[in-house]
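These notes concern the structure reproduced below.
What follows is calculated from the coordinates using simple rules that are stated; it is not laboratory data. Note that the coordinates shown come from a computational prediction; the quantities given were computed from them, not determined experimentally. Glycine also receives a Cβ, built like all others from the backbone with ideal geometry; neighbour counts cover every protein chain displayed.
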2 protein chains.
Amino acid sequence: MSPKPPKKKLTVKSVASILGVSTATVSNAFNRPDQLSSVLRNKILDECERIGYHGPNPAARSLRTGSTGVVGIMLAEKLAYNFSDPCAIEFLEGVSQILDDARVNMLLMPGREEFYKKTSLESIPDRYIIYGPPKDLPLLDRIERQHKPIISVDFNLENHLSLNIDNYGGAKAAANHVFETTSGPVAVIGLRLSKDADGERINATDLYDPNYSISRQRLNAYLDASKEANRPIGFDYIWDTSKSSWDEGVKAARCALSVSPRPTALLCMSDNLALAALSVAREMGLHVPQELSIVGFDDTPAASVNHPEVTTVYQPSLEKGRLAAKMVLNPENYDSIVLPTELKIRETS
Amino acid sequence: MSPKPPKKKLTVKSVASILGVSTATVSNAFNRPDQLSSVLRNKILDECERIGYHGPNPAARSLRTGSTGVVGIMLAEKLAYNFSDPCAIEFLEGVSQILDDARVNMLLMPGREEFYKKTSLESIPDRYIIYGPPKDLPLLDRIERQHKPIISVDFNLENHLSLNIDNYGGAKAAANHVFETTSGPVAVIGLRLSKDADGERINATDLYDPNYSISRQRLNAYLDASKEANRPIGFDYIWDTSKSSWDEGVKAARCALSVSPRPTALLCMSDNLALAALSVAREMGLHVPQELSIVGFDDTPAASVNHPEVTTVYQPSLEKGRLAAKMVLNPENYDSIVLPTELKIRETS
DNA sequence: TTGAAAGCGCTACCAT
DNA sequence: ATGGTAGCGCTTTCAA
C-alpha cells in the first residue's frame with residue numbers, strides 16, 4: 001500500500017493529551033471562545049496548527065450537534081442540466097455570493113430520488129432552497145417531513161416561503177408589444193410546457209398546471225394578450241421544447257417558420273431559444289425585425305451581446321439567487337416575494 | 001414553536017424494535033443485501049418507507065465508516081467566480097455527468113481557506129478534483145496531508161495524477177496562423193498572467209510560473225511563434241486581465257487598439273475576451289478580419305454562435321470534466337493525461 | 001477553568 | 001440468517 005506517515009491519528013482526545021489539557025478545553029477552543037482565556041485559546045489553536053490538527057471531525061460534530069452548516073440547493077433533474085442553463089448559473093452565482101460570505105456551504109443536489117439511494121443525501125442540509133418545481137414528489141415529501149427551513153423558487157410550496165418572478169406580467173408586456181408592432185400571425189416557442197415536449201406542436205391535453213409551471217404562466221399571458229388584441233394564437237402556432245438548447249430551438253423555429261401563413265413574430269420562452277430562432281431566420285433569409293419579430297425571455301448576457309441585440313424580458317436571476325440565500329438563512333425576516341420583470345425592447349422587434 | 005408531529009425519533013434502533021428485528025438486520029437491509037433473505041429485506045425496506053425512516057443518518061454512518069461518498073471539487077477562488085466562466089461550467093457539467101451516474105455526490109468548494117474556518121469542509125470528501133492551481137497553498141497542503149486520491153486539473157501536482165490540455169500546442173497553432181495571415185503588429189490580450197492583472201500592460205517581473213499557469217504556457221507559445229516568424233511581440237503589446245469578463249475584455253481591447261502602430265491581430269486568451277475585443281473593433285469601425293484578426297481560446301458555444309464566428313482554439317472542456325471524474329473514481333486505472341487542442345479557423349481571422 | 005463521562009446513530013465483528 | 005455490542009470523534013453537562 002501507499003507509505004503513510006506513521007503519525008498517530010489526531011482527535012480532540014489525543015490532541016488534549018499532547019497539549020496536557022482536557023478534551024473539553026480543546027473543544028471549547030474551537031467552538032466557544034468565551035469559555036476560556038484568549039491566551040490559552042490562542043496557544044491551543046497555534047499548537048494544533050503546528051501538529052496538524054485542523055479542527056473537529058465534521059461527521060462526529062454533526063452527529064453530536066445534529067446540524068451540519070450546509071444549505072442544500074435542490075435543482076430540477078441532474079446537476080448537468082443546470083450547468084447548461086444561463087439562468088440557473090446566474091441564480092447559483094447569486095446564492096453562492098451570499099452563502100460564501102456567511103461561511104455556509106452549499107450542497108448542490110439533483111432533483112431525482114434515484115441519486116439518493118446510497119447516501120441519504122437529503123438529510124445532510126440544515127436548510128433548503130428548492131429551485132424550480134421538483135419532478136420527484138416523493139423526494140420533496142421526504143424533505144418536507146424533516147421540518148427544516150425551505151425556500152421554494154419559481155414555484156409555490158404550501159406552508160413555505162416562496163420566491164418568484166412576475167412571469168405573467170413580463171410575458172404579457174412582451175406579447176402586447178408584439179401585437180402592437182406586427183400584423184401577421186404570432187407563434188410561440190415554449191419551454192417545457194408539457195412533460196413530453198420534443199420540439200413539436202403542443203398537445204392541449206397534457207400541459208403542466210400553471211400553479212406549478214412558470215412556462216404555463218407565460219403562455220397564459222401570451223394567450224390573454226392575443227385575445228385582447230383580437231388575434232388569437234391557435235394551438236397550431238404553439239411549439240414546445242424540452243430544454244433551452246440551441247438544437248431544440250433550431251428545430252422548433254424551423255417548424256414554426258415553415259407554417260403557412262408564416263408567423264411575423266415569435267414569442268420565445270428563453271433567450272437561448274430566441275437566439276436559435278434568429279439563426280434560423282438568417283438561414284431562411286428573413287429580415288429581422290422587418291419581416292419577423294423575435295422576443296426572448298430572461299435577458300441573459302447572450303441576448304445583449306448578440307448582434308442584433310435581442311428584445312427580451314429581463315428577470316433578475318442574480319438578485320433572485322442572492323435573495324433566496326438571504327431568505328433561507330433568515331426565514332423569519334421575510335415574506336414570500338415576487339420580483340418584477342421588465343420588457344427590454346432592442347433590435348429584434 | 002412550530003407544531004411538530006409528536007413522532008418518536010427514528011433510528012436503526014427504534015426501527016428495529018418496531019419491526020421486531022435486531023439493529024444489525026435493519027442496517028444490513030440498507031447496506032448489505034447479501035446478508036439477509038431478499039424477502040426479509042424487502043419487508044424491512046417497505047416497512048421503513050411506511051413509517052418514514054429513510055435510511056441511516058449520514059453523519060453517524062460516516063463517523064462509523066470513515067467515508068462519506070462525496071467527491072470534493074476544489075475551485076479557484078469563490079464559487080461565484082466559476083459560475084461566470086463558461087469553461088468551468090462545461091467542466092462541471094462533465095464532472096457531474098459521471099458522478100451523477102456513479103451515484104456519488106459532488107461538493108463544490110471555494111479555493112480559499114477563509115471559507116473553511118467554521119466547518120472543516122475540507123475533511124468531508126473522500127477524494128478530490130482540484131480545478132486550477134489553488135491560490136491558497138496552506139489549504140492545498142492540508143488536503144494533501146489527508147492522503148486521499150487527488151486529481152489536479154490544468155496544473156501539475158507532484159505525486160498526483162494530473163489532467164491538462166495542450167495549451168502550448170493550441171496557442172502555437174493560433175499564433176502561427178495569425179503570423180501567416182497578417183503582416184502588421186500582433187498584440188496579446190492575456191488572462192491572469194500575473195497576480196495583479198488589471199487590464200493594463202504586463203510587467204515582466206511578476207508573471208506566474210509557466211509550470212503552474214496555463215496562461216503562461218499560452219504566452220510562451222505566442223512568443224515562440226513570434227520569434228520564429230521574426231516578428232517579435234514586445235511587452236508593450238501584451239495586456240493582461242484578471243478575469244474573462246466582458247468589461248475587462250473591453251477595457252484591454254480599447255487600450256490595445258489605441259497603440260500606434262495599431263495591431264493587425266489580437267491573440268486573446270479566452271473567447272469572452274475575443275468577443276469583447278470584437279465589439280470594440282466594431283465600435284471603432286475596424287473591419288474584421290480585413291483590418292484586424294481576432295483569435296480566441298476555448299471554443300465555448302458563444303464563439304461559434306456569434307456572427308461573425310470567432311476563430312479560436314478548441315479545448316474539450318466537457319470531456320475534461322468527464323475524464324477528471326472517471327480518474328478520481330478510479331485513479332489506479334489512469335496515468336496523467338494531456339488532452340489535445342485544435343485551432344478552429346472561422347470568420348474573424 | 002478544568003476533567004470525567006454520557007451518548008449522538010451507526011456499522012461490523014463475533015457469536016449463535 | 002440474525003442478535004449483541006463496542007466504539008467511531010465529538011460536545012456538553014456536571015462537579016470540582
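Once the C-beta distance of residue A:247 and residue B:183 is scaled by a Förster radius of 51 Å, the resulting FRET efficiency is 0.80 to the nearest 0.05.
Given R₀ = 30 Å, FRET efficiency for residue A:24-residue A:51 by Cβ-Cβ distance, to 0.05? Spell out each step's value before the answer.
Values: r = 19 Å, r/R0 = 0.63.
It comes to 0.95.
Across peptide B:62-72, the average count of Cβ atoms from other chains found within 10 Å of a residue's Cβ is 3.
Could you please state, rounded to a whole Å, how far the C-alpha centre of the range B:224-280 is from the C-alpha centre of the range B:180-200? Centre-to-centre (Cα) distance: 4 Å. With label points defined 7 Å past Cα in the direction of Cβ, position residue B:347 shows copy-to-copy spacings of 1.2 nm, given to one decimal and shortest first.
Hey, with R₀ at 25 Å, roughly what FRET efficiency would residue B:13 and residue A:17 work out to, going by the Cβ-Cβ distance, to 0.05? Write out the running numbers ahead of the final one.
Numbers: r = 32 Å, r/R0 = 1.27.
Efficiency, rounded to the nearest 0.05: 0.20.
Paramagnetic label reach from residue A:342 (point 7 Å along Cα→Cβ; backbone nitrogen cut-off under 19 Å): within the range A:305-331, residues A:305-306, A:309-323. When you restrict to C-alpha pairs under 8 Å that are six or more residues apart and normalise by the size of chain B, the relative contact order lands at 17 percent. Of all beta bridges that DSSP places with both ends in the protein assembly as shown, some 15 percent have antiparallel geometry.
For residue B:229, the label point sits 7 Å beyond Cα toward Cβ; its separations from the matching points on the remaining copies run 5.1 nm, from shortest to longest. Rounded to whole Å, give me the distance from the Cα center of the range A:281-298 to that of the range A:30-98. Centre-to-centre (Cα) distance: 48 Å. Across the range A:12-57, Cα-Cα pairs more than 16 Å apart make up 22 percent of the total. In the range A:219-349, the DSSP beta bridges split such that about 40 percent are antiparallel, to the nearest 5.
By the beta-carbon count within 10 Å of each Cβ, the least crowded to most crowded order of A:239, B:246, fewest first, is B:246, A:239.
Taking every residue in A:98-105 and counting other chain Cβ atoms within 10 Å of its Cβ, the average works out to 5. Working note: Karplus 6.51/-1.76/1.60 with θ = phi - 60° gives the range A:218-227 the couplings 5, 4, 4, 5, 4, 5, 4, 4, 5, 5 Hz, where Gly and Pro are set to x.
Across identical copies of the chain, residue A:66 has label-point separations of 3.0 nm, listed in ascending order, with the point defined 7 angstrom from Cα along Cα→Cβ. Computed over chain A, the per-residue total of -39500 (n - 2.57) for DSSP H runs of n ≥ 4 gives a 222 nm mean residue ellipticity of -12000 deg cm²/dmol, rounded to 500.
By the count of neighbouring beta-carbon atoms within 10 Å, fewest first, B:269, A:74 end up ordered A:74, B:269. Note on the protein assembly as shown: Cα-only Rg and Dmax are 27.9, 87 Å.
Once the Cα gyration tensor of chain B is found, what semi-axes does its equivalent ellipsoid get, as square roots of 5 times the eigenvalues, in whole Å, sorted largest first? Please report the intermediate quantities before stating the final value.
Values: eigenvalues 535, 74, 68 Å².
Equivalent ellipsoid of chain B: 52, 19, 18 Å, largest first.
List, in the order given, every pair from A:195/A:251; A:320/B:320; A:9/A:43; A:320/A:344 whose Cα-Cα distance in the structure shown is over 25 Å. Don't jump to the answer; show the numbers that get you there.
Details: A:195/A:251 18 Å; A:320/B:320 31 Å; A:9/A:43 21 Å; A:320/A:344 18 Å.
As for pairs spanning more than 25 Å Cα to Cα, those are A:320/B:320.
Residue order for A:219, B:193, fewest other beta carbons within 10 angstrom first, comes to B:193, A:219. Modelled spin labels at residue B:159 and residue A:158, positioned 7 Å past Cα toward Cβ, are 5.8 nm from each other. Of all DSSP beta bridges confined to chain B, the antiparallel ones make up roughly 15%. Modelled this way, with points 7 Å down the Cα-to-C-beta line, the labels at residue B:144 and residue A:67 are 3.6 nm from one another.
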